[in-house]
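The values are calculated or read from the model by the stated rules, or taken from the named source; none is laboratory data. Please read these numbers as outputs of a predicted model, since none were measured by experiment. A quick note on method: Cβ atoms are made from the backbone with ideal geometry, for glycine too, and the neighbour counts reach across all protein chains shown.
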2 protein chains.
Amino acid sequence: MSLRSEIFEQPTILEQLLTEQMGLAREIAQAIQKSDVHYVFLAARGTSDNAGRYANYLWGGINRLPIALATPSLFTLYEQPPNLRDALVVGISQSGQSPDIIAVLEEGKRQGCLTLAVTNATGSPLAKTADFVLDIRAGQELSVAATKTYTAELMAIAMLSVALDKNTNRHRELEQVPAWVTETLALEERISRIAERYRYMEQCVVLGRGYNYATAFEWSLKLKELTYVVADPYSSADFLHGPIAMVDQGFPVMAAVPDGRVFDNMLTLLKRLRLEHHAELLVISNREEAIQLAQSAVQLPVGIPEWLSPIVCIVPAQLFAYYLANTKGYDTEVPRSIHKITRTE
Amino acid sequence: MSLRSEIFEQPTILEQLLTEQMGLAREIAQAIQKSDVHYVFLAARGTSDNAGRYANYLWGGINRLPIALATPSLFTLYEQPPNLRDALVVGISQSGQSPDIIAVLEEGKRQGCLTLAVTNATGSPLAKTADFVLDIRAGQELSVAATKTYTAELMAIAMLSVALDKNTNRHRELEQVPAWVTETLALEERISRIAERYRYMEQCVVLGRGYNYATAFEWSLKLKELTYVVADPYSSADFLHGPIAMVDQGFPVMAAVPDGRVFDNMLTLLKRLRLEHHAELLVISNREEAIQLAQSAVQLPVGIPEWLSPIVCIVPAQLFAYYLANTKGYDTEVPRSIHKITRTE
């Protein structure tokens with residue numbers, strides 16, 4: 001049962017990562033500050049791409065760095081890479097093996113950009129290509145569905161954000177993350193019971209906005225990988241521009257809605273979905289208004305700052321996907337048709 | 001029946017747009033070339049966001065401009081916009097009314113960036129904010145589901161790409177687009193028959209890569225808006241990093257696979273889906289290998305250069321969504337729960 005144990009390893013891994021790699025994060029931050037970076041060009045796939053979505057908000061909002069998410073096929077199949085002057089080129093990959101992500105970093109280097117790899121494999125081709133390597137130190141991940149490497153990638157991204165920032169308060173907040181994750185893991189039994197209700201769910205949408213846009217994508221990816229449910233992720237804003245039309249009586253909507261700047265906006269949408277569309281809601285939240293509204297709810301610890309909430313919010317979603325897969329009778333260790341390392345061009 | 005007639009207006013609109021706005025596109029291109037733009041920061045929602053995905057490949061690959069797709073909530077709900085120095089800030093919006101897209105352009109202007117609006121409403125707040133306005137001149141669009149404004153936005157993006165480029169050959173290719181669209185519209189009867197087969201489809205995935213990543217997203221959005229099918233869009237590469245696990249016997253996969261640099265890569269994936277997963281394939285293609293592989297196929301004109309294929313490829317997909325909605329007995333003019341102008345923050 002490596003998946004469940006990997007989910008439960010997360011507090012320890014996050015704590016160690018913070019202790020062991022914060023010095024390196026500060027070094028990387030100094031190099032970035034010295035090199036007049038105008039924006040970040042970020043390449044990733046799958047779970048790591050969802051970590052990139054977190055960077056998009058965190059580095060964009062707090063560190064004021066715009067992020068361009070790379071289109072790797074321009075570097076591989078098309079052989080027409082864009083001009084990357086003054087970009088910091090970042091590759092995020094657990095295995096460091098995917099040729100398309102490596103190609104983006106190689107091109108960044110060729111063009112004289114500063115390059116950074118965030119990876120679990122310091123000996124990988126991706127790590128060897130980069131100027132700097134932020135090792136997420138998650139240990140070997142045996143399950144095909146990534147869990148601990150995702151939260152470790154988020155933590156590495158958050159550490160770099162703190163290192164780039166002068167506000168020392170934020171480092172203290174970062175240190176509380178492992179304890180919040182531990183508290184959330186204690187909800188396991190409740191989550192396993194919630195999962196039963198969705199035994200026959202075949203499709204759903206997953207909503208999250210701002211920092212938790214990443215959570216919506218990663219939650220939805222875990223559902224697809226482990227339970228084969230067609231789970232479609234959206235921000236509340238994109239959802240209103242068309243896809244909301246799909247939702248009628250009983251349609252399942254999952255939502256990551258922790259307290260924060262986007263909470264009211266998300267709550268307005270959830271009210272509309274519940275009261276006008278008669279949707280079925282499952283929410284992960286630490287606000288009573290959201291919890292009361294939903295048929296099923298997972299209650300997060302209170303007091304988590306919004307910028308760190310994605311690292312905590314995804315944990316009950318991982319457990320939900322794990323238990324739903326069990327309830328549906330699927331193999332959680334080796335989901336059909338996918339492999340741990342995916343080499344795409 | 002405004003939706004069908006708007007779909008059929010497309011050749012005329014594209015032709016007029018090219019004739020009437022190419023001069024302006026060249027002026028805008030000159031301003032961009034003069035102002036030392038390092039990258040494009042692009043804000044859009046819904047259908048217009050899919051047009052942005054086309055720009056991501058076209059401007060990125062051919063004009064070598066990296067594109068950062070904006071996270072509008074950083075400008076609105078979070079009030080923490082990134083530092084946009086040396087960015088060209090672009091807003092794409094049919095109505096020019098959405099507050100979040102306007103907020104991104106306003107901030108770009110405040111920071112001294114060059115700003116461009118691509119819109120169907122030159123009197124809109126978005127247009128009034130921008131330094132330059134590329135009017136897509138699609139005429140009033142009555143249907144809630146956007147069709148002609150999407151292809152007109154793609155055409156405007158392609159015109160700007162040609163204007164930024166020294167290769168005059170590409171302008172001649174652009175002039176052929178209306179004729180290809182006309183040829184494709186002639187397939188209406190065949191497409192209406194194909195749609196019947198999917199009467200009871202409730203979910204599917206839609207695949208496209210490179211330039212036609214945009215087509216996968218827009219096709220999927222039309223299905224959600226008009227037929228309420230849960231349609232999940234992917235690039236072939238992202239699909240392999242997890243979501244492929246959902247596909248088993250008979251699972252419907254739609255794919256936009258015109259001839260081009262990514263064709264072989266897409267074909268390999270489609271073969272795997274058909275032969276190993278026993279998926280149901282519907283393809284839009286002009287290559288025999290893809291057409292032979294699928295249970296249903298729409299045959300595109302041959303000889304369309306890949307960079308223009310998204311403007312043609314989406315047309316049969318629009319007709320398919322229109323006829324599937326009819327087959328399922330839904331109102332194609334006023335889909336449930338959505339409105340023509342969506343004002344998100």
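Do you know which residues across the range B:52-74 are in a helix (DSSP H, G or I) and not hydrophobic (A, V, I, L, M, F, W, C)? Reasoning before the result, please.
Within the range B:52-74, the first condition is being in a helix (DSSP H, G or I), and the residues that meet it are B:52-61, B:72-74.
Matches in the range B:52-74: B:52, B:53, B:54, B:56, B:57, B:60, B:61, B:72, B:73.
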Considering only residues that are more than 9 Å from chain A (Cβ to nearest Cβ) and touching a Phe, Trp or Tyr at 6+ places or on another chain (Cβ under 8 Å), which ones fall in the range B:198-210? B:206, B:207, B:208
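Filtering the range A:121-174 down to residues that are within 30 Å of residue A:334 (Cα to Cα), β-branched (Val, Ile, Thr) and modelled with pLDDT of 95 or more, which residue is surrounded by the fewest Cβ atoms within 10 Å (Cβ to Cβ)? Spell out the reasoning first.
Going residue by residue through the range A:121-174, those that are within 30 Å of residue A:334 (Cα to Cα) are A:121-128, A:133-157.
After this cut, where a residue has to be β-branched (Val, Ile, Thr) as well, the list is A:122, A:133, A:136, A:144, A:147, A:149, A:151, A:157.
With the extra rule that they be modelled with pLDDT of 95 or more, the set shrinks to A:122, A:133, A:136, A:147, A:149, A:151, A:157.
Working: A:122: 15, A:133: 23, A:136: 29, A:147: 29, A:149: 25, A:151: 30, A:157: 26.
Looking at residues that are within 30 Å of residue A:334 (Cα to Cα), β-branched (Val, Ile, Thr) and modelled with pLDDT of 95 or more, I get A:122.
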Looking at the range A:44-52, can you tell me whether even one residue there is surrounded by fewer than 21 Cβ atoms within 10 Å (Cβ to Cβ) and facing chain B (nearest Cβ under 7 Å)? no
Just a yes or no: is a residue in the range B:303-318 of a type in the set (Gly, Ala, Ser), touching a Gly at 6+ places or on another chain (Cβ under 8 Å), over 26 Å from residue B:95 (Cβ atoms) and part of a loop (DSSP other than H, G, I, E, B)? no
If I filter the range B:294-309 for residues that are within 14 Å of chain A (Cβ to nearest Cβ) and within 26 Å of residue B:3 (Cα to Cα), do I get at least one hit? yes
Among the residues of the range A:11-22, is any over 29 Å from residue A:225 (Cα atoms), of a type in the set (S, T, N, Q) and either surrounded by fewer than 24 Cβ atoms within 10 Å (Cβ to Cβ) or not assigned by TED's automatic domain parsing to the domain that holds residue A:320 (or both)? yes
If you scan the range A:82-96, which residues turn out to be in a loop (DSSP other than H, G, I, E, B), buried (at least 24 other Cβ atoms within 10 Å of the Cβ) and more than 7 Å from every other protein chain (Cβ to nearest Cβ)? A:94, A:96
Residues that are touching a Leu at 6+ places or on another chain (Cβ under 7 Å) and assigned to a loop (DSSP other than H, G, I, E, B): does the range A:35-43 have at least one? yes
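Report yes if residue A:214 is under 17 Å from the mean Cα position of the chain (by Cα), closer than 28 Å to residue A:280 by Cα and surrounded by 24 or more Cβ atoms within 10 Å (Cβ to Cβ), otherwise no. Quick ask: steps written out before the conclusion?
Numbers: under 17 Å from the mean Cα position of the chain (by Cα): yes; closer than 28 Å to residue A:280 by Cα: yes; surrounded by 24 or more Cβ atoms within 10 Å (Cβ to Cβ): yes.
Here the answer is yes, as residue A:214 does meet what is asked.
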Selected residue (criterion: nearest to residue B:205 (Cα to Cα)) from residues of the range B:319-330 that are more than 11 Å from chain A (Cβ to nearest Cβ) and not in a helix (DSSP H, G or I): B:328
Assuming residue A:314 fulfils every condition listed in (1) surrounded by fewer than 18 Cβ atoms within 10 Å (Cβ to Cβ); (2) within 27 Å of residue B:235 (Cβ to Cβ); (3) assigned by TED's automatic domain parsing to the domain that holds residue A:205 apart from one, which condition is it? (1)
Which of (1) more than 8 Å from chain A (Cβ to nearest Cβ); (2) part of a loop (DSSP other than H, G, I, E, B); (3) not hydroxyl-bearing (Ser, Thr, Tyr) does residue B:77 not meet, given it meets every other one? (1)
Entirely in the range B:231-297, the helices (runs of 4 or more DSSP H) that have 1 or more residues that are surrounded by fewer than 21 Cβ atoms within 10 Å (Cβ to Cβ) and touching a residue at least 24 places away in the same chain (Cβ under 8 Å): B:263-271, B:288-293
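Mind listing just one residue for me: the one in the range B:224-246 that is within 7 Å of chain A (Cβ to nearest Cβ) and β-branched (Val, Ile, Thr) and, of those, farthest from the chain's Cα centre (by Cα)?
B:244
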Which listed residue, of B:163, B:158, is in the same structural domain as residue B:56 (by TED's automatic domain parsing), closer than 17 Å to residue B:304 by Cα and of a type outside the set (Lys, Arg): B:158
